[in-house]
Amino acid sequence: AGEPAGIGPDLIVKLAQLDHGYNLTTIGDPNLLLERAKQLTLPLEISLVSNSNEMINTAELGKVNVLPINLKTETITGKLDVRNAPYVLELLNVATQACLAKKYDAVVTTPIQKSIINDTKINFSGHTEYFAKQCGNVTPIMLLACPGLRIALVTTHLPLREIPDAVTKDKLEKTIQIVIDAMKQQFGIRQPKITVCGLNPHAGENGHLGTEEITTILPVIKHFSEQGHKMTGPLPADTAFRPELRQKTDAYICMYHDQGLPVLKTLGFGEAVNITLGLPIIRTSVDHGTALDLAGTGKADCNSLLAAIDMANTLAQNQLHSTSTTETANES
């Protein structure tokens, strides 16, 4: 359910009013959800469940299953409270462990407020890195997707001055490999076409504006091309997202957060989904923040949450099909 002061609870209450057809369990404080429903003047009926229970069908409008985690202190809608940071982290921990135990097919997250967690002196850079740590320090890759565009990031939440040192051959190679594997196993694309952006303006302009393209990015692209993968790049980011190139690309590899995400959020804000690749579980999320000013007003839109659930379902179905196909091939 995310940050309790933000729009996460609003989105869950609004989602309960839709005939979405999914079997969902919300992890959060049931009293918070009931209070937010009252603020929004929307009907809500809660069925409490536990980790070990089978999920109850949530097809009936106005009903939601809740795996209860109680708030640490009273929450005022729209006002952050550092005392509730442990509650937010507990939600993530419970969700991770439940998915690792195969009790759920995927976890979908509503927004959290990173700053309030860091105010507790916990070093927290985001969902992506936190889930990776909880799953055994695996390599996480942030992929954002909207209709017609998928963008994976080599680095995520770093200051700009640290990015060139963080873009190493090893990091880039791992990123591309994880993206290729995900395109095949979770997106059902047999031979994905990957477009790689450069790091520097004009992709370094043959070394005149930076050498990372020559020393780091191009050798990795050649490595994958020689293995038979369809690779393009490194391309200047200012021209890489032209419509004709997007049509020829299944996934873009961008070197840093604000290289690709302004394009994606301009094209698909409200429809975009944040996906964490490289985990042993499926995790998707909304593409927006906590919107504290909208919490409790009824103005929050749950389209991105529904898109994240749709995506989680698609990934789970494709992964199940991919696993079944592999097992059948191995038996043969």
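Side notes on the structure shown:
- All of 193, 222 fail the test of being in contact with a strand residue (DSSP E or B) (Cβ under 9 Å, 6 or more places away or on another chain), free of Cβ contacts under 8 Å to residues at least 24 places away in the same chain and either open to solvent by less than 20 Å² (accessible area, probe 1.4 Å) or not hydroxyl-bearing (Ser, Thr, Tyr) (or both), apart from 222.
- Among the residues of region 48-66, none qualifies, meaning not one is within 15 Å of the chain's Cα centre (by Cα) and surrounded by fewer than 15 Cβ atoms within 10 Å (Cβ to Cβ).
- Residue under evaluation residue 267, criteria (1) open to solvent by 20 Å² or more (accessible area, probe 1.4 Å); (2) of a type outside the set (D, E, K, R); (3) modelled with pLDDT of 95 or more; (4) touching a Leu at 6+ places or on another chain (Cβ under 9 Å), criterion not met: (3)
- Test: residue 145 is closer than 13 Å to residue 259 by Cα, in contact (Cβ under 8 Å) with a residue 40 or more places away in the chain and under 17 Å from the mean Cα position of the chain (by Cα): no
- Tally, over region 24-47, of residues that are open to solvent by 80 Å² or more (accessible area, probe 1.4 Å) and under 25 Å from the mean Cα position of the chain (by Cα): 0
- Residue within region 48-61 that is at pLDDT 95 or above and within 26 Å of residue 276 (Cβ to Cβ) present: no
- When 309, 253 are checked against the criterion of being part of a strand (DSSP E or B), out of contact with any Pro (no Cβ under 8 Å at 6 or more places or on another chain), within 21 Å of residue 182 (Cα to Cα) and modelled with pLDDT of 95 or more, 253 stands alone in meeting it.
- The residue list 155, 128 contains one member that is open to solvent by less than 40 Å² (accessible area, probe 1.4 Å), closer than 24 Å to residue 197 by Cα and over 11 Å from the mean Cα position of the chain (by Cα), which is 155.
- Criterion: assigned to a loop (DSSP other than H, G, I, E, B), under 22 Å from residue 163 (Cα atoms) and among the β-branched types (Val, Ile, Thr) - qualifying residue of 239, 216: 239
The values are calculated or read from the model by the stated rules, or taken from the named source; none is laboratory data. Just so it is clear, the model here is predicted, and its values are computed rather than measured. Positions of Cβ are generated from backbone atoms using ideal geometry, with glycine treated the same way; all protein chains shown enter the neighbour counts. Heavy atoms of the whole protein, side chains included, go into the accessibility calculation; ligands, DNA and RNA do not. Shrake-Rupley method; radii C 1.70, N 1.55, O 1.52, S 1.80 Å.
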